[in-house]
Amino acid sequence: MKATTYVSRNKVRLAEVPEPQVLNSGDAVVRVTSAAICGSDLHLVDGYVPGMLNGDIIGHEFMGEVVEIGNGVRKLRAGDRVVVAFPISCGRCWSCNQGLFSVCENTNPSAWVAEKVWGFATAGIFGYSHMTGGYAGGQAEYVRVPFADVGALKVPDGVSDEQALFLGDILPTGWMGAEMADVRPGDVVAVWGAGPVGLLTMASARLMGAERIIAIDRFDYRLRMAREKAGATDTIDYEQVSVHETLRELTGGRGVDKSIDAVGMEAHSDDLQWPYDRVKQAMRLQTDRGMALREAILACRNGGVISVIGAYGGFMDKFPIGAVMNRSLTIRAGQCHVQRYMQPLMEKVERGEIDPSFIITHRLSLEDVVHGYDIFKNKLDDCVKVVLKPGEPATTERRIGLI
Amino acid sequence: MAKAQRIAMALGAVSTGIGTWYAATPRHFLSVIGAPATERRIAVTRLVAVQELSVGLGLLADGRATRWVAMRVVGDVLHGAMLALAVRAPDTDRGRMRLALAALIGITATDLAALLAARQIERTGADVESGNDGTTPEALAVERAPVHRSVTIRREPAEVYAFWRELENLPTFMKHLESVELIDERRSRWRAKAPGGASIEWEAEITDERPGERIAWTSREGAQVWNSGEVTFERAAGDRGTQVRVRLDYEPPGGRLGAGVARLLGEAPSNQIAGDLRRLKQVLETGEVAISDAVAEGRSRMQRPAQPIEIA
């Protein structure tokens, strides 16, 4: 079968690989009908997540049709149309029982590597390095889904692929970002990053009753989508104005009630932090660039909440702990516990309360994946979100390439 | 300072000095021995530098003369072979090469003499004044510090105990175990994979057991790898299940060197036990060992499959 594989830093390849098979009794094999490229896939490809090997299959946002199941699968049958949560969770351990699915205790066979970096290990994740288990990903024609009863949700007939696809990651991630920020009616919420996750965070905050939603980015087309589709009331281009001062003025000198970081480790800024963080990261003196998170902390009002859903890998310098402590700030963070949110959010999609498909700007064949990474990473052609469809005719030539 | 240690320190300083010279200015070294610097020769010089530095630091930091001096002798022989090859190359300076060979022969002779002296000291125990040449009971005791690991499993202590006491279950989650056969109620025969594909076998005997709480064992007379340990089962706070604690005391095959190599390969006993306990948790909570694609394909060095439970 064809699958998107990591080659080396900045290089991906559409490769011919063996088809997956059932290995554990709770497995399902899914024929992928739609897969998306996620911003966190760029962290892998850009070389900031350790434990990637040449040939690893990437991709953790996908859906499709069940074609085979292990003898322990109870809720699914061949032919079912499913969307799959990106964390692989057993559903039986204490963490899963608490709803903390992304820190499942049983699905990361290389847990000891994560323990060295993070203290304790997290769950396995599809196509996301050997630190999270070395599971094959879903930007492929077929994918093996372990613990399918826990991670795969049947898609109702009335819901299209494009509406359902994002229930596996970015819609629940955006929702949890707003939920962790404790967004309440009347709140002023600022969201750093108007990429797919940031946009769905804004849409979620709006559903939770936020009165003012401020989108922060530097790409005009993304800020436009935030205003027109995601419910942002204000937008800030950080290359044009000072974010801190603008937010202070927008809130009458008070600061925003809730700050949400939907940027993560590859943050960018146009002040002196940029060369500082970039050089330290390049020299491996830190793994994460902190511009967005620092700003999110400093811009938050006294007693406010900072919610972190942008992905971070390791260590960051110049963390403003003084602001956090002295101003009674709360920080909440986490990889999304997708399985906790999939069903209720699917119901919201079914009822038409939210339609996450508005973020899709490009529909490509799986064969065009190299081109897809290129336009997504380099923000070409006003790209916000790429959806890959295996089996569709190809429109570009490159099957391997630097992006 | 004991004589063996003085020899080790002196040779360590020599190795480190030479290694630093090779690493810092490989071209200078090559010009001294009369070999024009090519990229390949520079690369080889750097490799030799790494070798010299590691042996040097080993001698300085480890203090066990015999092993490290033996490695110096091995290095000398290798370097002799390299020089012999270089002499035949058309672009080398024969005169300088001969001088280099003579120097090397001198060094080799010194190393051999040092090796014999160190061995003599080790064998006769003439070096007792230092109290530690790597073979004293004290040194071994440090190496044999028991390993402790624990895991919390969402099952009742009685269930976890029962699963473990059924010793034939152990290979389902202990990666290195091939089989456990019962001889009688207390004695069993264990078979495990050893590094390099070999198998080792030993008999173990349960020395104490309290149902639902504790099992203790020790290997019987004649075991290739002496080991002894206990596992305890205790109710965890807040209804979280059972805390399983393992203590393992064992004599590593190959002594200290073997233990060091094992640690470098990530095969240190504490890592093995941590992995085994993680798999025990998987088996008891989910019914089987979770296999990722990387494990199935043998792609990842970071993952260690145990024997998967057969699925129909």
Can you work out D for segment A:1-62 in µm² s⁻¹ from Stokes-Einstein, where Rh is the Kirkwood radius over C-alpha pairs, the temperature is 25 °C and the viscosity is 0.890 mPa s?
192
Equivalent ellipsoid semi-axes for the protein assembly as shown, as square roots of 5 times the alpha carbon gyration tensor eigenvalues: give them largest first, rounded to whole Å.
52, 36, 26
Determine, at each q value in 0.15, 0.19, 0.23 (inverse angstroms), the log₁₀ of I(q)/I(0) that the Debye formula gives when each Cα of segment A:168-280 is one equal point scatterer.
-0.60, -0.94, -1.29
Phi angles of segment A:314-325, converted by Karplus (6.51 cos²θ - 1.76 cosθ + 1.60, θ = phi - 60°) into ³J(HN,Hα) in whole Hz with x for Gly and Pro, give x, 10, 10, 9, 6, 7, x, 5, x, 5, 4, 6
Return the average number of partner chain Cβ atoms within 10 angstrom of each residue Cβ along peptide A:126-138.
4
Counting other Cβ atoms within 10 Å, keep those with at most 16, restrict to DSSP loop, and tell me which trypsin sites (Lys or Arg not before Pro) in segment B:166-223 are left.
B:R186, B:R220
Pair A:E115, A:R332: separation of 7 Å Cα→Cβ label points (nm)
3.0
Segment B:142-230: spread of alpha-carbon positions along the three principal axes, whole Å, largest first, is 38, 31, 25
Taking a straight Cα-to-Cα line shorter than 23 Å from A:K389, and setting aside same-chain lysines fewer than 8 residues away, one finds A:K2, A:K11, A:K154, A:K377, A:K379
Dimensions in Å of segment B:142-192 - Rg and Dmax from alpha carbons:
13.3, 36
Between A:G26, A:G158, A:G231, which gets the highest mean-square fluctuation from a Gaussian network model of chain A, Cα cutoff 10 Å?
A:G158
With R₀ set to 60 angstrom, the calculated FRET efficiency between the beta-carbons of B:V32 and A:R9, to the nearest 0.05, is 0.90
May I ask you to order B:53-59, A:128-134 by the average number of other C-beta atoms within 10 Å around their residues, highest value first?
A:128-134, B:53-59
Just how far, in whole angstrom, is segment B:147-164 from segment A:16-40 if you go by their alpha carbon centroids?
33
Averaged across A:109-117, how many Cβ atoms of other chains sit within 10 Å of each residue's Cβ atom?
5
Report, as an integer, the average count of C-beta atoms from other chains found within 10 Å of each Cβ along A:25-32.
2
Distance in Å, no decimals, from the C-alpha centre of segment A:48-97 to the one of segment A:257-314 is 30
If you filter segment A:228-271 for trypsin sites (Lys or Arg not before Pro), then keep DSSP loop positions with at most 16 other Cβ within 10 Å, what is left?
A:R254
Counting GluC sites (Glu not before Pro) as exposed when in a DSSP loop with at most 16 other beta carbons within 10 Å, what is the longest stretch of chain A free of them?
A:1-210
If you take the alpha carbon radius of gyration of chain A and divide it by 2.2 N^0.38 Å, what ratio comes out, to two decimals?
0.93
Counting other Cβ atoms within 10 Å, keep those with at most 12, restrict to DSSP loop, and tell me which trypsin sites (Lys or Arg not before Pro) in segment A:41-118 are left.
A:R74, A:R77
Just for the Cα atoms in segment A:250-353, what are the lengths along the principal axes, largest first, rounded to whole Å?
48, 35, 24
For a test of the definition: using alpha carbon positions, the gyration tensor, and the 1.5 limit on a/c, classify segment A:95-146 as rounded, prolate or oblate.
oblate
Which whole-angstrom value gives the distance between the alpha carbon centres of segment A:134-198 and segment A:203-229?
18
Per Stokes-Einstein, at 10 °C and 1.306 mPa s, what whole-number D in µm² s⁻¹ belongs to segment A:312-403, with the Kirkwood radius over Cα pairs as the hydrodynamic radius?
92
Expected sort for A:374-385, A:195-206, A:35-46 on mean C-beta neighbours within 10 Å, highest first, is A:195-206, A:35-46, A:374-385
Taking every pair of Cα atoms in segment B:3-130, average 1/r, invert it to obtain the Kirkwood radius, and report Rg/Rh to two decimals.
1.03
Pop the C-beta distance of B:D239 and A:R224 into the FRET formula with R0 = 35 Å and round what comes out to the nearest 0.05.
0.10
Cα extents of segment A:136-214 along the principal axes, largest first, in whole Å, come to 44, 26, 22
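No lab work stands behind these numbers, since they all come straight from the coordinates. Given the structure is predicted, the values throughout are model-derived calculations rather than measurements. Please note: Cβ atoms are built from the backbone with ideal geometry, for glycine as well, and neighbour counts cover all protein chains shown.
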